[in-house]
Amino acid sequence: MDNEEVITLTIGGAQIRPIITLPSSSTILQLKRMIMERIGVQVERQHLLYYKILLEDNNIINHYIHEATAEVCLSVDLFMDERIINITVSNENFNLQLAVNKADKVIDLKNRIGDVFAFPAMGIDLWLMDRKMENYEILSKYYLNEDSVVKMTRGGLQLGFYERTCPGAEATVSKVTYRFISRAPTLAAPLLRMHFHDCFIRGCDGSVLLNSTKNNPAEKDGQPNLSLRGYHVIDAVKLELEKKCPGVVSCADILALVARDAVGQIYGPFWEVPTGRRDGRVSISADTLNGNLPAPFANISSLKQNFASKGLSVKDLVVLSGGHTIGTSHCSSFDSRLHNFTGKGDTDPSLDPNYVVHLKKICKPKDTTTIVEMDPGSFKTFDEDYYTLVAKRRGLFESDAALLNDNETRDYVKLQSATHGSTFAKDFAQSMVKMGKIGVLTGKAGEIRKHCAFVI
């Protein structure tokens, strides 16, 4: 592939003369698509000529041209039905008058609307008489006329939400996150857990980041969240983004992106994070204790019920539990399994007896300070070893052991253990995207905080 011949073509005949380099084995159709990306002329309107020879879509370039550089002439078909009409684009807040060319495509109209309001075209839906307009359909197919009113709606989360309003925002998040994770890889686990805890209480709205006030203890001071750390990473990212684009990028989105980047930087999977979340204004400590967060002592029934209440499946439950492959836990989170499981000074019979002996050497009764690796030997690396431990009955929490008490979750544990995590990375990425959509605030809901610890 490295030795494949390339050709550089100057496209003449247009106001802008783009120069395009591509493999000489590309088809003419592929060349036309690149021209469309550069200067916006639809493929079906293009005619390409080389020394008066019409270049056919299905032929490859070196069928016609054998030099390393050449110029081809672009002729644009204006279509018989091309004409300019005025239409109205409307939503609940405005009516926008636009002159459009019926030969253009729906995506061209979306791009123009996006230019006016400075948000991504791919986040816009257009409707005509309850019919959704598809991106690459020609406008004339919708029989638009001077009286047409096109309804515009904006979707929820979307990829590239900040492309226009804060270019390079995600790159900034990744750069700042790397600065911290490269020096302290153990931060990845609490940052991932922070995103999880945020989404499971009031949805992914950044409420876990808010400080308590005199009259309101906030989520971060709830008992399950006292061991969270990494808030300084979120604050550092926010500081950089506020310098770049004040008041644009939400703290909820920053947390979702930092969690993704932190996992990736310790060799975990990458996933695309749809953005557009807005920040919540409410954070209540008591919400951390009323069953919103799955407890380390939860049984499989309560775990399934908890995840289902958030719109997550049983598969999401067992996949996201795999996040325990990184990080540490205080002995107090599983003290009863070692020292007093039924109130008689006994141990949990579902925990490997040999592992119990090992853990008792580290964790003494009522120990609240010592920490233990969740995945001994690789707790700084995101891998599939967690499932091997659970299959061997060496998961630290009762909630880990509970995965062996359900057919679906048990089968998944055994599959990943037996195949060295053959599908875990892909599955984890998909479940994280799904989790990141729980209860999000979009549009005009919530706010964009200036500092992640305080409401405006």
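Taken together, the values in this text are just the output of simple stated rules run on the coordinates, not laboratory data. The shown structure was predicted, so the numbers you read here are calculated from the model rather than taken from an experiment. Methodologically, a virtual Cβ is constructed for each residue, glycine included, from the backbone with ideal geometry; neighbour enumeration extends over all protein chains shown.
Taking the Cα centre of the chain as origin and charging only Cβ (+1 Lys, Arg; -1 Asp, Glu), how large is the dipole, in debye to the nearest 20?
Values: 53 positive and 54 negative charges, 290 e Å.
For the chain, the charge dipole is close to 1400 debye.
Using 0.36 nm per residue, how much length does the chain from LYS344 to HIS330 gain when fully extended, once their Cα-Cα distance is taken away? Mind dumping the intermediate values first?
Values: separation 14, 0.36 × 14 = 5.04 nm, distance 2.23 nm.
Length gained, LYS344 through HIS330: 2.8 nm.
So, counting K/R as plus one and D/E as minus one, what does the shell of residues with Cβ under 14 Å around PHE270 add up to?
-2
Suppose each label sits 7 Å from its Cα in the direction of the beta carbon; what would the GLU408-ASP130 distance come out to in nanometres?
The two pseudo-label positions are separated by 3.5 nm.
Any idea what Rg and Dmax come out to for the range 247-379 if you just take the C-alpha atoms, in Å?
18.1, 57
Determine, from the Cβ-Cβ distance of GLU5 and ALA418 and an R0 of 51 Å, the FRET efficiency 1/(1 + (r/R0)^6), rounded to the nearest 0.05.
That pair, GLU5 with ALA418, gives E of 0.65.
Taking every pair of alpha-carbon atoms in the chain, what share in percent sits in each 20 Å bin, from 0 to the bin with the longest distance?
21, 41, 29, 9, 0
Just the isolated ones, please: cysteines in the chain lacking another cysteine beta carbon under 4.7 angstrom.
By the Cβ distance rule, which asks for a partner under 4.7 Å, the isolated cysteines are CYS73.
Could you sort the peptides 177-187, 361-371 by per-residue average Cβ neighbour count (10 Å cutoff), highest mean leading?
177-187, 361-371
Take the residue pairs LYS220/LYS304; LYS175/LYS450; LYS244/LYS444; LYS361/LYS437; LYS238/LYS364; LYS214/LYS344 and return only those whose Cα atoms are more than 32 Å apart. List each step's numbers first, then the result.
Working: LYS220/LYS304 25 Å; LYS175/LYS450 20 Å; LYS244/LYS444 22 Å; LYS361/LYS437 42 Å; LYS238/LYS364 41 Å; LYS214/LYS344 42 Å.
Those over the limit are LYS361/LYS437; LYS238/LYS364; LYS214/LYS344.
Between THR381 and ASP235, what is the FRET efficiency for a Förster distance of 45 Å, r being their Cβ-Cβ separation, to the nearest 0.05? Intermediate results must be reported in sequence, preceding the final value.
On the way: r = 26 Å, r/R0 = 0.58.
So, using R0 = 45 Å, E works out to roughly 0.95.
Just to verify a number: FRET efficiency for ILE20 and VAL248, C-beta to C-beta distance, R0 = 35 Å, to 0.05?
0.55
Can you give the net charge of the other residues whose Cβ lies under 9 Å from the Cβ of PRO296, counting K and R as +1 and D and E as -1?
It works out to a net charge of -2.
Could you please report the charge total around VAL314, scoring K, R as +1 and D, E as -1 over all other residues with beta-carbon less than 12 angstrom from its beta-carbon? Could you put the intermediate results ahead of the total?
Numbers: positive: LYS304, LYS315, ARG410; negative: ASP316, ASP406, GLU408, ASP411.
Overall, the nearby charge balance is -1.
If you put +1 on each Lys and Arg Cβ and -1 on each Asp and Glu Cβ, how big is the dipole of the range 300-435 around its Cα centre, in Debye rounded to 20?
Values: 17 positive and 17 negative charges, 37 e Å.
So the dipole magnitude of the range 300-435 works out to roughly 180 debye.
Name the lysines eligible as straight-distance cross-link partners of LYS102: C-alpha to C-alpha under 26 Å, and not fewer than 8 places from it in the same chain.
Straight-line reach from LYS102, under 26 Å: LYS32, LYS110, LYS132, LYS141, LYS151.
Per residue, what volume in Å³ does the convex hull of the Cα atoms of the range 183-288 enclose?
Roughly 110 Å³ of hull volume per residue.
Expressed as a rounded percentage, what relative contact order does the range 114-256 have, with Cα pairs under 8 Å and six or more residues apart?
After rounding, I find 22 percent.
Is the shape of the range 343-389 best called rounded, prolate or oblate, per the rule: a/c under 1.5 gives rounded, else a/b larger than b/c gives prolate, else oblate, with a ≥ b ≥ c the square roots of the Cα gyration tensor eigenvalues?
On the way: a/c = 2.76, a/b = 1.54, b/c = 1.79.
Note, shape of the range 343-389 comes out oblate.
Using Stokes-Einstein with the Kirkwood hydrodynamic radius over Cα pairs, what translational diffusion coefficient do you get for the range 300-435 at 37 °C and a viscosity of 0.692 mPa s, in µm²/s rounded to a whole number? Write down the numbers at each step before the final one.
Numbers: Rh = 15.4 Å.
In µm²/s, the coefficient is 214.
Determine the shape class of the range 92-237: with a ≥ b ≥ c the square roots of the Cα gyration tensor eigenvalues, call it rounded for a/c under 1.5, and otherwise prolate if a/b is greater than b/c, oblate otherwise.
It is prolate, given that a/c is not under 1.5 and a/b is the larger ratio.
Near LYS414, which lysines are there with a Cα under 16 Å away, not counting those fewer than 8 places off in the same chain?
LYS315, LYS392
Could you compute how fast the range 84-154 diffuses translationally, taking Rh as the Kirkwood radius over C-alpha pairs and applying Stokes-Einstein at 20 °C with viscosity 1.002 mPa s? Give it in µm² per second.
The diffusion coefficient I find is 180 µm²/s.
Would you mind putting 313-325, 444-456 in packing order, based on average other-beta-carbon counts within 10 Å, highest first?
313-325, 444-456
Taking amide hydrogens as modeled 1.01 Å from N in the peptide plane, which residues meet the under 5 Å criterion relative to GLY160, leaving out close sequence neighbours?
Residues meeting the criterion, in which the H sits 1.01 Å from N, are THR275.
Could you list, bin by bin from short to long, the percent of Cα-Cα pairs of the range 361-443 in 5 Å steps?
3, 13, 17, 20, 18, 11, 9, 6, 2, 0, 0
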